[in-house]
Each structure stands twice: as C-alpha cells, then as structure tokens.
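The values are calculated or read from the model by the stated rules, or taken from the named source; none is laboratory data. Predicted, not measured: the structure shown is a model, and the values here were computed from it. Cβ placement follows ideal geometry from the backbone for every residue including glycine, while neighbour counts extend to all protein chains displayed. In case anyone asks, the SASA skips ligands and DNA or RNA and just uses the protein heavy atoms, side chains included. Shrake-Rupley method; radii C 1.70, N 1.55, O 1.52, S 1.80 Å.
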Amino acid sequence: MTEPRPLALVTGASSGIGFELARQFAEAGFDLIVNAEDPTIDTAAAKLRSSGTAVSGFQADLRSATGVEALWAAVEATGRPLAAAALNAGVGQGGAFVEVPVERDLEIIELNVTSTVRLAKLVLRDMAARDEGRLLITSSIASTMPGPYQAIYNASKSFVQSFAEALAAELRDTGVTVTSLMPGPTDTDFFDRAELEDTKLGAGPKDDPAQVAEQGFQALMAGKDKVVAGSLLTKAQAAGNAVLPDRLKAAGHAKLAEPGSAE
C-alpha cells in the first residue's frame, strides 16, 4: 500500500500566480482542486495533470457566498482532508475613487476580503479540528502603503495582510500554519483587468509569477508567517515601505498609479 497523496486547494488558479502556485503543489506531489471564475480553469487543470497528479478544475465565482459554498462542497465531496490551501483569488481597479462605480469597488471587497474570510473560516475550522494543515493567503506589498488611484485594492490587501498575520498568531501553538504571500508588481493579467496599463505602475518592470509562486510555496512549507516574494527590487521596496511615513508612500503611489502617467 502506498501513502495517499496530499490534497491542496488553489483559488484564482487559471493563470498568473495562482496557476504557478498550483504547479508548485503538483510538482511537490499534491493532488489538486483548482478554482477560478472563468471556464479557462479546465484548461489550466489539464496543463497541471502530470506525473500522477490528479487535478480537478472547479468553476465558481467566489464573490458570492453561494460560490464559496459550492467550492467547499466540492472539497468535501472528495472525502479527503485538505493538507494545504492557497487563497489567491483577487482583483483590482485603477482610477480615481470618485469616478470608479461603487459596484466595482464592492466587487473588489467581495472577492479580495469577503471570500477570503469565508473560505479561511471553512478551511481553518477543518484543519484546526485535525490539528494539521497549511494555509497560504495572497496579500501584496500594496498592503504596506495607501494606494491613491487604487484606493480599494490597497485597502483590501491591508485587511488581508492583517487578517493573515492575526490568524498565524492565533494558531501559533497548533499544527496549523498560516502564511501571507506578499508579491510586488507581477507579470500577470492583473494590470489589464484593473485598467492600469496606461500608468507607470502598469508599464513598469514586473516580476515573474513563477518566481513569486516558488518563493511563496517554500515559505508555506517552511511554516513562515509571511514572505515578500519576487525580485530584489520588490524586496527593497518592501523594506523601504517599513520605514517611510504613509504620506510619502501615498505620494509615491499616486505618481505611479495615476491614469495616463505612463505617457
């Protein structure tokens, strides 16, 4: 009899950091349930199937409680415990706060904040009952600064970062670990979807999502509370943000994220 392969859940896994996180799990011997809101998740699942890895793609919009419950039902239907989960789904939106429709603001909060809380509650209750498991939550170095022209996104990541660190502290003396992954600008479709391509931020240098995912996965498996992942430039920016006053950080972010600033 061979030992059963551990099972991992990855959200936001159709592309970018989420897909690369799923690849890390697959290469480390995990079976996978991968989720995204769009049907390309099935294509991503097919790409991840290799060397005996069983991958199930599950399409669900996590902005709604119904979507979260459906995904969790799919996890429970396997009859297997989750050894690990990576809550990576997230979106942003560029533009002046007074001009962005409030409905769009609330969609960001519903996905980045509310769905993370809903899923973390389900995942961690199950892991805590078994006193075993690893949870990765994708935050951002955006969590360390006010975000003019990305006000809701940065605020959502500040929530997520505080939330993840609080959970790590609560579970410190258990068999469950919580790790926050803090990437900087990364070469994904985030900037296109967030309408940031005409900004200095969108047009500037970006990290490789595979590098970000590898560093995040290593931190998760090592049980670290958090990791700033990506290039040395990203790590230097995070170090600077730790000492700069918020007013200066906000001013710098405004110059990078103001619409049309790439021209």
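Which one of Phe58, Ala46, Ile17 is farthest out on the positive end of the charge dipole of the chain, using unit charges on Cβ (Lys, Arg +1; Asp, Glu -1) and the Cα centre as origin? Going by the charge dipole, the pick is Ile17. Over the stretch 78-169, what is the mean sequence separation of C-alpha contacts under 8 Å (at least six apart), divided by residue count, expressed as relative contact order in percent? Relative contact order, the stretch 78-169: 39 percent.
Once the 1.4 Å probe is applied to the protein heavy atoms, the chain comes out at 46 Å² accessible per residue. For the stretch 19-136, the Kirkwood radius over C-alpha pairs fed into Stokes-Einstein at 10 °C and 1.306 mPa s yields D = 103 µm² per second. Pairs of Cα atoms nearer than 8 Å and 6+ residues apart set the relative contact order; for the chain it is 19 percent.
Computed with a 1.4 Å probe on the full set of protein chains, the accessible area for Ser158 sits at about 40 Å².
Helix content alone sets the calculated 222 nm mean residue ellipticity of the chain: runs of n ≥ 4 DSSP H residues at -39500 (n - 2.57) each, divided across all residues, give -14000 deg cm²/dmol. Measuring between their Cα centroids, the stretch 49-79 and the stretch 81-124 lie 17 Å from each other. With both bridge residues required to lie in the stretch 110-263, what share of the DSSP beta bridges run antiparallel, to the nearest 5%? About 0 percent, rounded to the nearest 5.
How would you classify the chain from its alpha-carbon gyration tensor, with a ≥ b ≥ c the square roots of the eigenvalues: rounded for a/c under 1.5, else prolate if a/b is greater than b/c, otherwise oblate? Here the chain falls in the prolate category. The peptide list 89-96, 237-244, 8-15, put in order of mean Cβ contacts within 10 Å with the highest first, becomes 8-15, 89-96, 237-244.
When Thr188, Thr66 are compared by accessible area of protein heavy atoms, the largest-first order is Thr66, Thr188, using a 1.4 Å probe. For the chain, what % of the accessible area comes from carbon and sulfur atoms, probe 1.4 Å? Of the solvent-accessible surface of the chain, carbon and sulfur hold 54 percent. Taking all protein chains as they are arranged and a probe of 1.4 Å, the heavy atoms of Phe19 leave approximately 20 Å² accessible to solvent. Packing-based ranking of 198-210, 175-187, 23-35, 101-113 yields 175-187, 23-35, 198-210, 101-113, ordered from highest to lowest mean Cβ neighbour count within 10 Å.
Taking a ≥ b ≥ c as the square roots of the eigenvalues of the Cα gyration tensor, the stretch 1-57 is classed as prolate, since a/c reaches at least 1.5 and a/b is larger than b/c. Give the shape of the stretch 196-263 as rounded, prolate or oblate, defined through the alpha-carbon gyration tensor: a ≥ b ≥ c are the square roots of its eigenvalues, a/c under 1.5 means rounded, and otherwise the shape is prolate if a/b is larger than b/c and oblate if not. Here the stretch 196-263 falls in the oblate category. For the chain, a crude dipole built from +1 on the beta carbon of Lys and Arg and -1 on the beta carbon of Asp and Glu, taken about the Cα centre, is about 660 debye to the nearest 20.
In the stretch 90-135, a dipole from Cβ-located charges (positive for Lys and Arg, negative for Asp and Glu) runs towards its positive end, and of Val91, Ile109, Ala128 it is Ala128 whose Cα lies farthest in that direction.
Non-local lysine pairs in the chain, meaning eight or more places apart or on different chains, with alpha-carbon distances under 15 Å, amount to 4. Over all other residues within a Cβ to Cβ distance under 11 Å of Phe25, the charged ones net out to 0, with Lys and Arg as +1 and Asp and Glu as -1. Counting every alpha-carbon pair across the stretch 78-223, the share separated by more than 18 Å comes to 58%.
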